[in-house]
Amino acid sequence: MNLGTMISHANHNMWHSKGRSLLTILAIVIGAFSIMMTTGINTGVNNYIDGQLATVGSKDFLEVMPLSVASQVSGFTTGSSEVREFDAKNSTVRATTMDESDLETIEKIRGVKSAKFYNMITTEYITGDKTNKKYQISANIVTTSTLRFDLAAGKNPNMNADEAQILLPDRYVKPLGFKSNQDAVGKTVRLGVSNQVTKQVSEVEAKVVGVQNASIVGMGSAWLNNKAGNEVRDLQLAGLPDEYKRQAHAIVAQIDKDHMTDAGQKKIKDELSKKGYSSMTLDDTVSMVRNFFSAITTILNIFGGITLVAAAIGVINTLFMAVQERTREIGLMKAMGLSSGKVFAMFSIEALALGFWGGVFAIIGAYIARAILNPIASRTILAGLPGFTLLEFNFSTLVKVMLLVMTIAFLAGTIPAHRAAKKDPIEALRYE
């Protein structure tokens with residue numbers, strides 16, 4: 001009996017008891033489908049994050065702050081996920097912590113091309129000409145000319161323009177009275193700023209040059225160019241000593257082109273750490289989101305693995321029953337000269353066939369689920385994240401999952417296959 005005959009015979013025998021085989025395959029499908037779905041979600045998340053970082057296009061700077069406060073503040077994490085009306089009782093003012101001596105220390109580190117203060121600003125509210133309502137908003141200053149955002153309309157702020165410019169998060173468009181994202185471009189908004197000495201609130205006007213799509217990079221903040229940012233900061237710090245004004249909560253260090261690799265960045269980070277500073281790139285910040293989703297999908301994959309273990313027990317049971325039912329057939333084949341190795345191979349192939357069909361049906365189910373769920377998700381739970389595809393599959397990854405399933409099925413099938421191979425032909429022929 002050659003390999004082709006054994007494969008044909010194994011597939012024929014597998015469907016001899018259709019109900020039992022279908023239930024076993026169904027258990028395999030459930031486990032494989034679960035793993036494929038969580039893998040697809042993880043791929044979708046990672047592709048979205050990679051796309052966001054590619055859009056931003058800025059990998060040449062580090063945000064540096066003292067180790068003592070690194071866990072408390074970050075210039076990249078000041079946004080909010082909701083639009084809320086301004087409440088004066090809940091406004092806050094953040095302290096600055098780094099001075100010119102820190103700036104000089106960082107500039108001397110090899111690989112740092114230049115360094116400048118990242119001036120943390122606090123805006124109390126935003127309002128427009130078409131509405132009297134005031135809404136809470138956080139704002140950042142664009143720190144490098146290479147920083148780019150995912151735009152719904154307009155353009156990125158010109159960092160060094162003579163006019164005050166603002167990039168508006170898309171969720172503020174309708175509350176501020178604008179008809180659409182495009183309608184907001186070119187209009188003027190006002191930012192309320194509280195003076196840290198007098199607590200008096202003044203306003204800064206800024207021109208909306210663009211509207212930003214919701215993204216993990218923008219973190220829900222408005223982004224100001226230097227002109228608008230400096231006006232906000234001047235109003236905040238008016239009346240304070242000049243030395244206080246020459247401080248910041250963080251410093252932005254620009255990396256030279258020879259150190260923009262992962263290894264080069266690591267050397268700079270290690271040197272900064274030795275001098276008492278914490279540093280991170282935008283990729284480091286966003287990778288926190290990546291790691292979170294990876295942890296969730298790993299946990300879900302574990303549950304899928306448990307289902308596959310249960311399916312493996314089903315394979316063992318199915319083949320044990322098949323061996324029991326075909327005892328006389330096994331005895332006859334062995335009496336006619338079929339070796340124990342070929343008997344073992346025949347039942348092992350049957351186990352592989354169960355895993356193969358389970359994997360095939362799981363792949364088909366995964367692609368059907370993608371076709372159904374992606375459009376629904378884009379209109380509902382992902383409506384605020386343009387470009388985010390819920391399920392994305394790499395065919396090679398699905399094939400790897402299928403091979404894993406077949407391997408588990410094969411290993412499970414070795415136990416009944418070994419039992420079949422050990423059958424004594426005389427005793428097997430006597431079996432009733």
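Here, each number is a calculation from the coordinates, and none is a lab measurement. Keep in mind that this is a model prediction, so the values were computed, not measured. With ideal geometry, Cβ positions are generated from the backbone for all residues, glycine too; neighbour counts draw on all protein chains shown.
Structure summary
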read-out	value
Mean Cβ count within 10 Å, highest first, over the residues of peptides 227-240, 186-199	227-240, 186-199
Positive-pole candidate from L391, T38, A420, dipole of the chain, charges at beta carbon	A420
Sequence-distant residues sharing a close amide H with K113 (under 5 Å, placed H)	Q254, I255, D256
Pairs beyond 24 Å (Cα-Cα), from K227/K267; K116/K199; K174/K227; K174/K199; K155/K245; K155/K227	K227/K267; K116/K199; K174/K227; K174/K199; K155/K245
For T397, T39, order by how many other beta-carbon atoms lie within 10 Å, fewest first	T397, T39
Dipole moment magnitude, nearest 20 debye, the chain about Cα centre, only Lys, Arg, Asp, Glu C-beta charged	1220 debye
Aspartates and glutamates with Cα under 17 Å of K274, excluding same-chain neighbours fewer than 8 positions away	E63, D102, E104, E107
Of the DSSP H helices in the chain, those whose Cα atoms cover at least 30 Å axially and whose Kyte score averages -0.5 or more	18-56, 282-325, 340-379, 395-421
